[in-house]
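The values are calculated or read from the model by the stated rules, or taken from the named source; none is laboratory data. Remember, predicted model here, so these are calculated numbers, not experimental data. Note: ideal-geometry Cβ built from the backbone for every residue, glycine included; neighbour counts use all protein chains shown. Heads up: the accessible areas ignore ligands, DNA and RNA and are worked out on the full protein's heavy atoms, side chains in. Shrake-Rupley method; radii C 1.70, N 1.55, O 1.52, S 1.80 Å.
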Amino acid sequence: MKFQRLRGTHDIYGKNALLFERVESGARQIFRRFGFAELRTPILEARELFSRALGTETDVVQKEMYEFEDRSKLAVAMRPEGTAGIVRAYLENDLDKTQGLSKFFYLGPMFRSERPQAGRLRQFHQIGVEELGTDSPYADAEVLHALLLFLDALGVKGCTLKINNLGTFEERKTWYSGGLTLYFKNHYERLCPDCQSRLTKNILRILDCKVSSCREIVLKSPSILAFLGDESKNHFSKFKDALNALDVSCLADAQAMVDPYLVRGLDYYTRTVFEISHPKLGAQDALAAGGRYDHLIESFGGCPAGAVGFAIGVERLLMCLSDQAEKDEAHKLFFIVTLGEQALTEGFKMLCGLRNLGLQVFMDFAAKSLKSQMRAADKVKADFVLILGDDELKKNICTLKDMKTGEQKEIALEDAVVSLATEK
Ligand code: HAM
C-alpha cells in the first residue's frame, strides 16, 4: 500500500532542505545580534491557550485549529502560531521575574486547517521574535529592524511595509460606538454573509475580509486613527520616527505606508501592527506580520506589561528568495573516482582528509568502471572529479578534472589534499 502526504503538508528535501537550513541559521545569527535568545515551546498546548489569546471569534480559532481530546480527555490543539506559547512559557518559567525585559526568537512548524493553495499550507513553518516586558515604541522599531535585516541578509528585495495603530482596547470601543458599527449596519445588505455575522460578533474582522464588495465598504469606513488618544498618537509617531533610523534595502519604498485599515487576523493586537508583503506571493501576499499585544501577559495571569513581536512564514520566504540567493548556497562539490583495490584504499584516505578540511566530497564505494563513476559524478553535478588509478598510484599522482571546462591536471599525491582545499 502506498501512502500519500496529507493535503497542505510538504516533504522538505533537496534544494528546499538546504534553503530551510540557510534561512534558519541566518535567523539565529541576526536575531542573536539583537539579544533575542531561542525559546522552543511544545507543538501541543491546551486548546484554551489559543482561544483566549487569539480570540474565540477569529477564523484561526473558529475554523482552522487542529484540536482534539487526548486519551485523558484533555482539550489540546496543535499550535497555529507561536506567540501564545511564548507568553505561557515566559510566565510559567518565571522568566518575567528573573529577566525583566525578555527577548526571544523561535522557529518551527505551525498548523492551520486552511484551504491549501500556493503559499497557504496546513503545516507551515514560522520564524518569530517576541520582546516581552516593554511599552516602548523603540521596541516596535527594534523587532521590525530585526525582521528587515534578516530579509536583507537573505537578499530579499522589493518588499512593502504597511503599518497601523489599532489603539488600546478602550480606544477601539470608542471607535466602534463612535461610528464604525453604525457605518457597517448602514451597509449591512452589501456585506458578505460572514461579515454580516461578524458585525455582532467581532467587528474588527470585517476589516480583514478579502471579498471585494466588503473591501470597498471597508475603505470608506471611519478609521481608528481618528479615535486614538494622545498616548497612542504619541506612541505611533515615535514608532514612525524610529523607523527612519533602520536604513535597510529589502523594502521597495524607503517609507513605510500607513494603512489605517490594516488589522491582523488575531485579536490580541493593541496599538502597533505591521505587515510585510512581497509581489512574488500573489494572493497570499503577507510574508510576515506582527505588532504589539499589551494585554496578553496580563490576561495570562502575569503583571501588566507590554510586548511586541512578529512571525515570518518560511515557505513564503522561500518563494521570495532570488535565484542568486540559491546559487550562493552552492559549495564546490568534489567526486573521487578510483580504479583498482589499492586506489580505493588511497581514495578513501583522501576522502577523509578532504572532508576533515571542510570540503564537500562524494565517492562511489562500489567503484565499477571509470565510465559508470563519471556518470555518477555527473548526476550529482560534481564541480571537480579526482581520478585515482593504480597506474597513477605507481607514479604517486592523481588527476583532477574540472567538469565545467574539461581541463585536466596532474597533482602529486602528497600535495593533493592541501592543493584541493584551495579549489574550494
Ligand atoms: P500571522 O499573520 O497569522 O501572525 O502569521 C504570520 C506569517 O505566517 C504570515 O505572514 C505568513 O507568512 C505565515 N502563515 C500564516 N498562515 C500560513 C499558512 N496557512 N501557510 C503558510 N504560511 C502561513 C502570527 O502568527 C502572529 N503570531 C505573529 C506575531 C508574533 N505577532 C506578534 N508576535
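Structural remarks
- For segment 64-119, alpha-carbon Rg over 2.2 N^0.38 Å: 1.47
- Per-residue [θ]222 nm for the chain (sum of -39500 (n - 2.57) over DSSP H runs n ≥ 4, rounded to 500): -11000 deg cm²/dmol
- Between K280 and E48, full extension at 0.36 nm per residue minus the direct alpha carbon distance yields a gain of 79.9 nm.
- Summing Lys and Arg as +1 and Asp and Glu as -1 over all other residues whose Cβ lies under 11 Å from the Cβ of K401 gives a net charge of -2.
- Positive-pole candidate from Q126, L91, L19, dipole of segment 1-133, charges at beta carbon: L19
- The chain - percent relative contact order, Cα under 8 Å, separation 6 or more: 15 percent
- FRET efficiency, 1/(1 + (r/R0)^6) with R0 30 Å, evaluated for K157 and K332 via beta carbons: 0.65
- Flagged links, alpha-carbon separation over 19 Å, of K379/K409; K103/K173; K332/K395; K15/K332: K379/K409; K103/K173; K332/K395
- Structural descriptor for segment 333-421: relative contact order 31 percent, calculated from alpha carbon pairs under 8 angstrom and at least 6 residues apart.
- Partners for K63 among aspartates and glutamates (Cα-Cα distance below 18 Å; same-chain residues under 8 apart left out): E45, E48, E81, E114, D194, D208, D267
- Gyration tensor over alpha-carbon atoms, segment 15-104, equivalent ellipsoid semi-axes in Å: 27, 20, 12
- Contour excess over end-to-end distance, with Cα ends at A226 and T422 and 0.36 nm allotted per residue: 64.2 nm
- K349 versus Q99: modelled label distance in nm, points set 7 Å from Cα along the beta carbon direction: 5.2 nm
- Rounded accessible area per residue of the chain, 1.4 Å, Å²: 50 Å²
- Cβ-Cβ distance of K394 and Q360, R₀ of 25 Å, FRET efficiency by 1/(1 + (r/R0)^6): the value works out to about 0.30.
- Residue ranges 158-170, 344-356 sort as 158-170, 344-356 when ordered by packing (mean number of other C-beta atoms within 10 Å per residue, highest first).
- Sites T405 and R28, calculated FRET efficiency, Cβ-Cβ separation with R0 56 Å, nearest 0.05: 0.90
- From the Kirkwood radius over Cα pairs of segment 262-315, Stokes-Einstein at 37 °C and 0.692 mPa s returns a whole-number translational diffusion coefficient of 268 µm²/s.
- Of every Cα-Cα pair in segment 289-424, the percent that sits beyond 24 Å: 47 percent
- Under the simplified labelling scheme, the S237-D378 pair shows an inter-label distance of 7.0 nm, with each label point 7 Å from Cα along Cα→Cβ.
- Among 379-388, 5-14, 110-119, sorting by the average number of other beta carbon atoms lying within 10 angstrom of each residue, highest first, gives 379-388, 110-119, 5-14.
- Paired Rg and Dmax values of the chain, which use every Cα atom, in angstrom: 27.5, 93
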